[in-house]
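Chemist: So that we are looking at the same thing, I have put the structure below in structure tokens.
Please treat every number below as a calculation from the coordinates, not as lab data. Note that the structure is predicted; figures quoted are calculated from it, not measured. Cβ sites come from the backbone with ideal geometry, for glycine too, and all protein chains shown count toward neighbours.
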């Protein structure tokens, strides 16, 4: 199981909209935040992927793309969906994918003070 840090993932989620123009974007953003919070309560975690790929016109040069979305570890279905989209629709050949994830909603962490300083 991946926890913190980067790990190699052998294989991408298209989080882009379908291209339809929305009438009330402020309502969408409010609903999206509520949905994101609900997803976090369902154990979705903020997932960041560093995607290194070869440029189609210059295969000897590598380019970096940073992808970030809420996803479920350790299977990462949203990321795998994006990588499948990348491999079928985009020309840049994937070289390496590094993944990191972190829970945004988690129990509070407390630390005890070992001393107290009083200043005038």
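Chemist: Per the Kirkwood formula on distinct C-alpha pairs, the Rh of the range 72-116 is how many angstrom?
Modeler: Averaging 1/r across every pair of different Cα atoms and inverting gives 14.3 Å.
Chemist: What Rg and what Dmax come out for the range 43-120 when only alpha-carbon atoms are used, in angstroms?
Modeler: Cα only, the range 43-120: 20.0, 67 Å (Rg, Dmax).
Chemist: When you count, for each residue, the other Cβ atoms within 10 Å and take the mean per peptide, how do 55-66, 81-92, 105-116 rank with the highest first?
Modeler: 81-92, 55-66, 105-116
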